[in-house]
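S.K.: Can you read through this structure? Questions will come right after.
Laboratory data are not the source of any read-out in this text; all were calculated from the coordinates shown. Only a predicted model underlies this, so the values are computations on that prediction, with no experimental measurement involved. Cβ atoms come from the backbone with ideal geometry, glycine included; neighbour counts cover every protein chain shown.
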Amino acid sequence: MSRFVVTGASGLLGLNLSLQITANDEVLGIANTSPLEGLPFEIQVMDLVNDNFEKDVLEAYKPDAVIHCAAIANLEECEKNPELAYHTNAIVPGEIAYQCRKRDVKFVHISTDAVFDGKSGNYSEHDITNPLSVYAKTKRAGEENVLNRNPDAIIARVNFFGWSLSGTRSLAEFFYNNLISKNPINGFIDVHFCPLYVSHLSDLLLEMVRADLSGIYHVVSSDQMTKYEFGCAIAKQFGLDHKLIHPISVTESNLQAERSLNLTLSTKKLSTDLNRSMPTALDGIKQFFDDYQNGYAQKIRNYSIEN
Ligand SMILES: NC(=O)c1ccc[n+]([C@@H]2O[C@H](COP(=O)([O-])OP(=O)(O)OC[C@H]3O[C@@H](n4cnc5c(N)ncnc54)[C@H](OP(=O)(O)O)[C@@H]3O)[C@@H](O)[C@H]2O)c1
């Protein structure tokens with residue numbers, strides 16, 4: 001049995017990942033402001049920008065691996081507060097990566113497909129990055145800080161969806177919530193991505209740790225689609241009306257942070273190194289539906305004191 005620390009354990013990835021780890025291993029989750037209750041694993045409340053992670057977590061808990069999911073992951077929030085975004089998304093990961101290296105603890109840093117400008121797509125790990133928004137720039141700086149200070153670290157560039165604590169965090173929940181309420185919504189026809197279901201992503205991250213990989217990896221679905229197609233696939237899977245989704249260009253929206261258009265990534269390196277095929281987005285949407293049917297979405301929301 002291994003001992004994991006997962007930061008961002010109240011977030012979309014961190015919570016799903018921590019729950020998955022508890023099936024076979026031990027996990028200490030780090031959360032900050034989200035009020036939680038009834039979790040089947042230990043939670044430590046901590047502000048990673050100001051508190052002492054090395055002493056209070058690494059020294060006290062002695063984990064085998066740290067999976068760093070905490071970030072300011074809301075693009076508009078990063079535009080509004082670039083200094084805090086830089087501190088949280090770039091400085092903190094470099095610090096923790098270094099602390100882990102000193103103690104021989106495996107460090108996994110979660111990054112993003114948005115480090116690319118989206119002008120070509122199907123990016124490999126060797127392609128040159130060109131982040132556009134404040135969020136993407138801080139995440140790219142975080143990758144550099146981590147690799148400079150801990151060359152054995154894993155950097156996982158991800159894009160994922162799933163059921164969250166608030167019930168509103170992921171794009172899949174956005175489509176589901178609006179479609180079930182029969183609200184007309186927009187779906188971008190010119191934003192391409194490779195969305196991976198969060199439980200498939202969690203499996204892959206744990207396999208990567210077990211295989212002791214290091215360096216940058218693209219950890220996304222093996223297929224690609226537009227955000228409009230993704231919404232339609234959710235509608236189809238849940239038997240809801242896809243005509244409520246209005247196909248538009250992202251240029252017609254009033255989002256402040258600049259978006260990259262083609263964020264499709266190649267997963268060839270990971271699938272070669274793990275000697276396995278990657279799940280597809282459609283596999284994930286099916287699992288997202290099955291988990292809903294099995295009460296998993298409600299179970300996740302019940303961990304929030306506010307719900
Ligand atoms: N969602 C996506 O599709 C997507 C796509 C690409 C990459 N990513 C990356 O994947 C990772 C996880 O994203 P997510 O969507 O799961 O994020 P999320 O749901 O927004 O959760 C963010 C988490 O970070 C924690 N956090 C933020 N500031 C903190 C601080 N100062 N100290 C301690 N904890 C802090 C939050 O804690 P509290 O809520 O308790 O304050 C929360 O648990 C991030 O690195 C993100 O950049 C996400």
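S.K.: Within the range 61-114, which residues are under 29 Å from residue 221 (Cβ atoms), within 13 Å of the ligand (Cβ to nearest atom) and assigned to a loop (DSSP other than H, G, I, E, B)?
M.R.: 69, 70, 71, 72, 73, 74 - these are the residues of the range 61-114 that are under 29 Å from residue 221 (Cβ atoms), within 13 Å of the ligand (Cβ to nearest atom) and assigned to a loop (DSSP other than H, G, I, E, B).
S.K.: Suppose the filter is surrounded by 13 or more Cβ atoms within 10 Å (Cβ to Cβ), touching a residue at least 60 places away in the same chain (Cβ under 8 Å) and part of a loop (DSSP other than H, G, I, E, B); does residue 240 pass it?
M.R.: Yes: the conditions hold for residue 240.
S.K.: Can you tell me which residue in the range 102-143 is surrounded by the most Cβ atoms within 10 Å (Cβ to Cβ), limited to those that are among the β-branched types (Val, Ile, Thr) and free of Cβ contacts under 8 Å to residues at least 60 places away in the same chain?
M.R.: Here is the first cut: in the range 102-143, the ones among the β-branched types (Val, Ile, Thr) are 105, 108, 110, 112, 115, 128-129, 134, 138.
Of the ones still in play, those that are also free of Cβ contacts under 8 Å to residues at least 60 places away in the same chain are 105, 112, 115, 128-129.
Numbers: 105: 20, 112: 21, 115: 26, 128: 8, 129: 18.
Across the range 102-143, the extreme among qualifying residues is 115.
S.K.: Identify all residues within the range 139-194 that are assigned to a helix (DSSP H, G or I) and under 15 Å from the mean Cα position of the chain (by Cα); write none if there are none. If you could, list the steps in order and put the result at the bottom.
M.R.: Our first condition is that a residue be assigned to a helix (DSSP H, G or I); within the range 139-194, this holds for 139-149, 171-180.
Once the filter is applied, which keeps residues that are assigned to a helix (DSSP H, G or I) and under 15 Å from the mean Cα position of the chain (by Cα), the range 139-194 yields 139, 140, 142, 143, 171, 172, 173.
S.K.: Among the numbered conditions (1) surrounded by fewer than 16 Cβ atoms within 10 Å (Cβ to Cβ); (2) in contact with a helix residue (DSSP H, G or I) (Cβ under 8 Å, 6 or more places away or on another chain); (3) not in a helix (DSSP H, G or I), tell me where residue 246 comes up short.
M.R.: For residue 246, the exception is condition (2).
S.K.: Something else now. Do we find that residue 291 is crowded, with 18+ Cβ neighbours inside 10 Å, among the acidic types (Asp, Glu) and either in contact with a Leu (Cβ under 6 Å, 6 or more places away or on another chain) or touching a residue at least 40 places away in the same chain (Cβ under 8 Å) (or both) in this structure?
M.R.: On the way: crowded, with 18+ Cβ neighbours inside 10 Å: yes; among the acidic types (Asp, Glu): yes; either in contact with a Leu (Cβ under 6 Å, 6 or more places away or on another chain) or touching a residue at least 40 places away in the same chain (Cβ under 8 Å) (or both): yes.
It is true that residue 291 is crowded, with 18+ Cβ neighbours inside 10 Å, among the acidic types (Asp, Glu) and either in contact with a Leu (Cβ under 6 Å, 6 or more places away or on another chain) or touching a residue at least 40 places away in the same chain (Cβ under 8 Å) (or both).
S.K.: Please specify each residue of the range 10-58 satisfying the condition of being within 16 Å of the chain's Cα centre (by Cα), near the ligand (Cβ under 6 Å from one of its atoms) and touching a residue at least 60 places away in the same chain (Cβ under 8 Å).
M.R.: Hits for the range 10-58 are 10, 11, 12, 13.
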